[in-house]
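Undergrad: Would you mind keeping the following structure in view while I ask a few things?
The values are calculated or read from the model by the stated rules, or taken from the named source; none is laboratory data. Every value quoted in this text rests on a predicted model; they were computed, and no experiment measured them. Every residue, glycine among them, receives a Cβ derived from its backbone with ideal geometry; neighbour counts consider all protein chains shown. Ligands, DNA and RNA are stripped out before the accessible areas are found, and what is left, the full protein with its side chains, is counted by its heavy atoms. Shrake-Rupley method; radii C 1.70, N 1.55, O 1.52, S 1.80 Å.
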Amino acid sequence: MKFTFTDKKVNLPKSLHNYAEKKVGKLDRYFKNEAEANLVFSVEKDRNKVELTIRSGSTILRVAESTSDMFASVDAAVTSMERQLRKHKTRLEKRLRQGAFTPPADAVEETSFVPDVEEGEFHIVRTKKFPIKPMTVDEAILQMDLLGHNFFAFKDEDGGAFAVVYRRNDGGYGLIEDEG
C-alpha cells in the first residue's frame with residue numbers, strides 16, 4: 001500500500017505517521033491491486049481529526065474520524081473503514097481480494113461521535129472538478145455509500161446520459177436522470 005500523509009496546520013511526530021502506516025497497512029489485505037492511502041491530519045476545535053481515503057482501481061473509500069487523541073483518531077478511522085468494507089461485503093467481493101472478509105481474531109466494534117454543526121447561510125466553500133465515468137446505477141450507489149456522500153453524479157452506462165443517485169430520508173435511494 002502506498003501512503004501519502006498531509007498535516008494541516010499541525011506538526012506531528014514521525015512516530016504518528018509510522019503508527020498510522022502500520023494500522024492502515026492492515027487494510028491492504030482487502031485489496032487486489034496496489035492501493036493508495038491518503039491520510040490528512042488536522043486539529044479543529046481541540047479535536048484531532050483524521051481523514052482516510054483509500055483508492056484501489058476505480059473504487060474510492062473515505063472515512064473521517066475525530067477524537068481527543070490523534071492516535072485514537074487513527075484507530076477509529078481504521079475501524080470505520082473496516083466497518084464500511086464489511087457493510088458492503090457482498091457488493092465489493094468482485095472488486096476486492098478473495099478471502100478478504102474472513103474476520104480477524106481481534107475485531108472490536110467502536111462508536112464515533114460527530115458534533116452537530118449549526119446551519120447558516122449557503123456559502124460555497126469548495127468546488128470540485130472530476131471526470132464523470134460511465135457506470136451502472138448499482139455501481140453509482142455503491143460508490144456513493146463508500147464515499148459516505150448523500151449523492152453521486154455519474155454517466156449512465158446504458159444510455160450514456162448524465163444521472164445522479166441520492167439517499168432519501170426514508171432510507172431508500174433516488175435516481176435523477178437527464179431526459180436526453
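Undergrad: Is it the case that some residue within segment 108-118 is among the hydrophobic types (A, V, I, L, M, F, W, C), modelled with pLDDT under 80 and under 19 Å from the mean Cα position of the chain (by Cα)?
TA: The answer is yes, given that some residue of segment 108-118 is among the hydrophobic types (A, V, I, L, M, F, W, C), modelled with pLDDT under 80 and under 19 Å from the mean Cα position of the chain (by Cα).
Undergrad: Sticking with this one: Among the residues of segment 119-149, write down those that are open to solvent by 100 Å² or more (accessible area, probe 1.4 Å) and either closer than 21 Å to N169 by Cα or aromatic (F, W, Y) (or both).
TA: Correct list: E119, F122, F130, D138.
Undergrad: Go through the residues of segment 14-22 one by one and say whether even a single one is under 24 Å from F130 (Cβ atoms) and of a type in the set (S, T, N, Q).
TA: No; the residues of segment 14-22 include none that is under 24 Å from F130 (Cβ atoms) and of a type in the set (S, T, N, Q).
Undergrad: What is the residue count in segment 24-37 for residues that are surrounded by 17 or more Cβ atoms within 10 Å (Cβ to Cβ) and at pLDDT 85 or above?
TA: So the answer is 4.
Undergrad: Pairs please, first residue from segment 134-151 and in a helix (DSSP H, G or I), second anywhere and surrounded by 18 or more Cβ atoms within 10 Å (Cβ to Cβ) and of a type in the set (F, W, Y), Cβ atoms under 7 Å, 6+ apart in sequence or on different chains.
TA: Between residues of segment 134-151 that are in a helix (DSSP H, G or I) and residues that are surrounded by 18 or more Cβ atoms within 10 Å (Cβ to Cβ) and of a type in the set (F, W, Y), the close pairs are A140/F152; A140/F154; Q143/F152; M144/F152.
Undergrad: Still on this structure, I have one more. Filter segment 158-173 for residues that are open to solvent by 80 Å² or more (accessible area, probe 1.4 Å) and in contact with a Gly (Cβ under 9 Å, 6 or more places away or on another chain) and give the result.
TA: Listed by number, the residues that qualify are F162, R167, R168.
Undergrad: Please determine whether any residue of segment 133-153 is over 21 Å from H88 (Cβ atoms) and acidic (D, E).
TA: no
Undergrad: Would you be able to tell me the number of residues in segment 160-180 that are touching a strand residue (DSSP E or B) at 6+ places or on another chain (Cβ under 8 Å) and on the phi < 0 side of the Ramachandran plot?
TA: Number satisfying all stated conditions: 14.
Undergrad: Of the numbered conditions (1) open to solvent by 70 Å² or more (accessible area, probe 1.4 Å); (2) within 24 Å of M81 (Cβ to Cβ), K155 fails exactly one; give the number of that condition.
TA: Every listed condition holds for K155 apart from (2).
Undergrad: Of all residues in segment 152-174, count the ones that are assigned to a strand (DSSP E or B) and either closer than 16 Å to F130 by Cβ or in contact with a Ser or Thr (Cβ under 6 Å, 6 or more places away or on another chain) (or both).
TA: Summing the residues that are assigned to a strand (DSSP E or B) and either closer than 16 Å to F130 by Cβ or in contact with a Ser or Thr (Cβ under 6 Å, 6 or more places away or on another chain) (or both) in segment 152-174 gives 8.
Undergrad: On to the next question. Does segment 60-69 include one or more residues that are open to solvent by less than 50 Å² (accessible area, probe 1.4 Å), of a type in the set (V, I, T) and modelled with pLDDT of 90 or more?
TA: Within segment 60-69 (the criterion being open to solvent by less than 50 Å² (accessible area, probe 1.4 Å), of a type in the set (V, I, T) and modelled with pLDDT of 90 or more), the answer is yes, since at least one residue qualifies.
Undergrad: Looking at (1) surrounded by 17 or more Cβ atoms within 10 Å (Cβ to Cβ); (2) without any contact (Cβ under 8 Å) to a residue 12 or more places away in the chain, can you tell me which one A20 breaks?
TA: Exception for A20: condition (2).
Undergrad: Keeping to segment 23-69, report how many residues are under 16 Å from the mean Cα position of the chain (by Cα) and within 28 Å of P131 (Cα to Cα).
TA: The total comes to 28.
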